[in-house]
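There's a structure below that I have some questions on.
The values are calculated or read from the model by the stated rules, or taken from the named source; none is laboratory data. Fair warning: this is a prediction, and the values are worked out from it, not measured in the lab. All Cβ positions, glycine included, derive from the backbone under ideal geometry; neighbour counts span all protein chains shown.
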Amino acid sequence: MSKRMKPNGILRVYLLWPVILTSILLCMNLSIYLINKRAGLVMTSYIGVYFILSMIIFLSKRNRIYSELVRFAMDYGQVQKRLLKELHLPYAVIDIDGRLLWGNDEFMDIIHEKKSARRSISNIIPELTPDVLPTGAKDETLHIALNDRNYMVLLRKVLVPDFDDANWRFADTEKAWQGRNALIAVYLYDETEIIALQKENKEQKLVTGLLYIDNYEEALDSIDEVRRSLLIALVDRKINKYMQAIDAIIKKLEKDKYLFILQQKNLPVLQANKFSILEEVRNVNIGNDMSVTISIGLGVNADSLISSYEYARAAIDLALGRGGDQAVVKDRDKISYYGGKSITVEKNTRVKARVKAHAFREFVEGKDKVVIMGHKLGDVDSFGAAIGIYRIAKYFNKKAHIIINDITSSLRPLMNTFVGNPDYEEDMFLNNDKAIGVVDANTLLVIVDVNRKSYLECSALIDYTKTIVIFDHHRQTNEAIENAVLSYIEPYASSTSEMVAEIMQYIGGNLKLKPLEADALYAGIMIDTNNFLTKAGVRTFEAAAYLRRCGADITRIRKYFRGEMEDFKTKADAISNTEIYLNHFVISVCASSKSDSPTILAAQVANELLNINNIKATFVLTEYNNVIYISARSIDEVNVQIIMEKLGGGGHLSVAGAQLANTTIDEAVERLKVTLLKMREEGEL
C-alpha cells in the first residue's frame, strides 16, 4: 500500500493499541520481578507470546482491515452522493472557469441543456459570468430569473485537497484561495413565491395623498356668481371620477382640500399618465377667465399610515412651494415631480405678506444682530433684497451685516454707492471668513433669493445659529434648508426684492427707505422681470410704485446697468454663434475670458434670444471658476425649470439655471441636448 494511503491520526493509534498496551504489561512484569523472580520470568514469557501473536494478527489482518475501511468509506460516499443527487435543493459543482462538472437531479431538471452548461454555465444562466464567481472564502450571491422562476444563487468556493501534499491543510491560505486547486459549489434557492408575496404585500400597502385646489377663490372670482356652483361641481366631479378609476377613497376636508387613500399597485397608473387629472381640471371651462389648477402630494413606502400622511404633507407643501399645478411623490428620501407646466397664478391678497411681516418683526426684535446672506455670485435681486432687510434691522436698532464675496461687474456700480458712504457702517459688508466670527446663537440669519443649501454664499453659517429666516421667489426642490423658523417662499412673486418691498410696508412703525436703498430694490425687480416683461403682476407694479415714492430714480438705476464695450462684443459673438436644436430650442455658448461676470452676460443673451420667432426656450452656457453655468429662458410654452432640474438646477417656469461641475462646455452641451431629446420623446416638452 502506498505511503499516501496509510492511515493517520486517531485511526493509526487505534489499530496499534495491542502493541501500545504491551508497555503496561511490561511495567506490571517489572513489579512482579521485585516480588518474585520466578513469577517474573513466567510473566515475561507470556508477554513475549502475547506480543508476537499481536504483531502476527496485526500484520496479517492489516490489508483486510484497510480494505474494509475503504469499502465502508466508498459505501458511505455512495450514500452521500445518492442523498446529494436526490436532494430537493438544486445543487451543482463548477470549476473556476465556469464549466459545469456535476449537478444533482433538481439542478439538471432546471437547466435542461447539459451540453451547453458543460461548456460554460453562463450559456444557461447568463448572470453567472466569470466576474461574479467567488475568488476567496467569501460567498457570492445574486438573484436571477430562469424558466419563469426566480432564484437566489449562492456561490461558494471550495478548496480541493492535493493528495500529493500531506500537509495541504496547512498551506498558506491566501495562496491556496488564489490557486486553481478549487471548485465552486452552486446552490439555487427558489424565491418565486417569496417575491410574489413581497410584491403582493407592497402593492396592497396604502398610499396617503392630499389634493389641494391652488386658486379656488381666484377662479371663482373670475366667473359670475350664477355659474360658480356649477364650476365647483364640475371640478369636484372630475376629481371624484378620476379617483374612482384608480380604486381610491377620497374625502373632502375643506372647500378646496381633499384627502385620498389608494393601494400602491395603482400608483404606477398615475405616474404613467403623468397625473392627467392636472390637465383635466385645468381644462374645465364654463366661461371662467382663470383656469382651475390643483396640487397633489403623495407619501409612498412609509412604515405606517401616519408616516405616509406626514410624507404627503411634506409633498404637498413642496408642490405648493413650487407654484402649484403639479404632483409631488415622496418615496422616503426620493422625490419625483409631475406637471408644473402652467404659469403660476399671482395671489391678489396680501394677507400672507402681512402675517409673515409681523412674524419677521418678532424675530428681529428678539435678537441682538442680523446677518443677511444671498446666493453665490450674488445678483442685483439678492443684493436689493439684502439691502431691504438691512434697513429693517437698522430701523429696530439692530447691528446688521450683509455677506458677499465675489462682486460681479453688473453689481459693482450699485454696491459702490454703499461702500465708503458715511451713512452706512464700514462693516456693512462681510466676506465668509469674517462672517463666521460674527454669527452666534443670538444672531438672526436671513437668507434671501435662494432656498437651496448648496447655493448659499456661506453654507457653514446655518450651523452657527438656530434662528434662520428665508425669503425667496424660486420654486422649492428636495434640497431644502432645514430648521428655518420662518420660510416665506412664493414662486408667483417676480423677485425677492418685490417680496421684501411688501414686507417693509407691513413691518409696522414709520419705516422709511433711503433713495439709494429704494434704487437697489427697484433694480432687483427690474433685472428679474427683464424690465417688467417677465412675471410682472399687479403686485409687482404696486411694489415698484412704493419704491418710487421712497425715492427710487429710474435714470440713476439705468446708469448702474450700463456695460462695457467688451461685454457687448461678447454678447454679440454669443448671439451670432447660436445653434437651433429640435427646431424650437436655441443653444449658445458665451465666452468668459473677457468678462468678470460671464453668468450675467449669459442671462442677458438668453433673454435676447427669446425675441427670435418660433423659439420656445433658450439655453446659454458659460464657464466660470471651472464650473459650467447654464442660463435657461422661455416665455410660456416650455417649463425650463423642469429641464434644469434634470441637470441638477432649478428656478421658475420661464427663468431657470443649472451649474455643472467637473465637465467641459462640449460635454455640458451634449448633456443638455440628450435631456431635451429624451424629454421630447417622453412627451414632457
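Please pick out the residue among THR465, THR443 that is modelled with pLDDT under 90, of a type in the set (Val, Ile, Thr) and either in contact with a strand residue (DSSP E or B) (Cβ under 7 Å, 6 or more places away or on another chain) or on the phi < 0 side of the Ramachandran plot (or both).
Testing whether each residue is modelled with pLDDT under 90, of a type in the set (Val, Ile, Thr) and either in contact with a strand residue (DSSP E or B) (Cβ under 7 Å, 6 or more places away or on another chain) or on the phi < 0 side of the Ramachandran plot (or both) leaves just THR465.
One residue is enough: does segment 190-204 have a residue meeting the conditions part of a helix (DSSP H, G or I), over 30 Å from LYS255 (Cα atoms), modelled with pLDDT of 80 or more and in contact with a Lys or Arg (Cβ under 6 Å, 6 or more places away or on another chain)?
Yes, the conditions are met somewhere in segment 190-204.
Collect the residues in segment 296-327 that are crowded, with 21+ Cβ neighbours inside 10 Å, without any contact (Cβ under 8 Å) to a residue 60 or more places away in the chain and within 17 Å of ILE261 (Cβ to Cβ), keeping them in residue-number order.
ALA327
Would you mind stating whether LYS466 is under 27 Å from the mean Cα position of the chain (by Cα), farther than 17 Å from GLY374 by Cβ, free of Cβ contacts under 8 Å to residues at least 60 places away in the same chain and assigned by TED's automatic domain parsing to the domain that holds GLY384?
Considered against the rule, which asks whether it is under 27 Å from the mean Cα position of the chain (by Cα), farther than 17 Å from GLY374 by Cβ, free of Cβ contacts under 8 Å to residues at least 60 places away in the same chain and assigned by TED's automatic domain parsing to the domain that holds GLY384, LYS466 comes out as yes.
When segment 208-255 is examined, which residues are found to be modelled with pLDDT of 90 or more, touching a strand residue (DSSP E or B) at 6+ places or on another chain (Cβ under 6 Å) and either charged (D, E, K, R) or outside the structural domain of SER291 (by TED's automatic domain parsing) (or both)?
LYS251, LYS252
Within segment 192-208, can you find the residues that are among the polar types (S, T, N, Q), under 25 Å from the mean Cα position of the chain (by Cα) and surrounded by 12 or more Cβ atoms within 10 Å (Cβ to Cβ)?
THR208
Restricting to strands (runs of 3 or more DSSP E) lying wholly in segment 599-685: which have 2 or more residues that are of a type in the set (A, V, I, L, M, F, W, C), within 20 Å of TYR455 (Cα to Cα) and within 24 Å of the chain's Cα centre (by Cα)?
627-634, 655-661
Okay, next question. Return yes when ILE249 is touching a Gly at 6+ places or on another chain (Cβ under 9 Å) and either of a type in the set (Val, Ile, Thr) or touching a residue at least 40 places away in the same chain (Cβ under 8 Å) (or both) and no when it is not.
In short, no.
Moving on to the next point. Can you tell me which residues in segment 482-504 are more than 25 Å from ASN215 (Cα to Cα) and either surrounded by fewer than 21 Cβ atoms within 10 Å (Cβ to Cβ) or of a type in the set (Lys, Arg) (or both)?
GLU482, ASN483, ALA484, VAL485
Would it be correct to say that GLN604 is under 19 Å from ASP379 (Cβ atoms) and out of contact with any strand residue (DSSP E or B) (no Cβ under 8 Å at 6 or more places or on another chain)?
Yes, satisfied.
Of all residues being within 18 Å of THR529 (Cα to Cα) and in contact with a strand residue (DSSP E or B) (Cβ under 9 Å, 6 or more places away or on another chain) in segment 621-639, which is surrounded by the fewest Cβ atoms within 10 Å (Cβ to Cβ)? Just the residue, please.
GLU637
Select from segment 535-561 the residues that are surrounded by fewer than 18 Cβ atoms within 10 Å (Cβ to Cβ), assigned to a loop (DSSP other than H, G, I, E, B) and of a type outside the set (A, V, I, L, M, F, W, C) and list them in ascending order.
Matches in segment 535-561: GLY551, ASP553.
Could you please let me know if SER487 is touching a helix residue (DSSP H, G or I) at 6+ places or on another chain (Cβ under 6 Å) and without any contact (Cβ under 8 Å) to a residue 60 or more places away in the chain?
no
Please specify each residue of segment 492-517 satisfying the condition of being closer than 13 Å to LYS352 by Cβ and part of a loop (DSSP other than H, G, I, E, B).
Residues satisfying the conditions are TYR492, ALA493.
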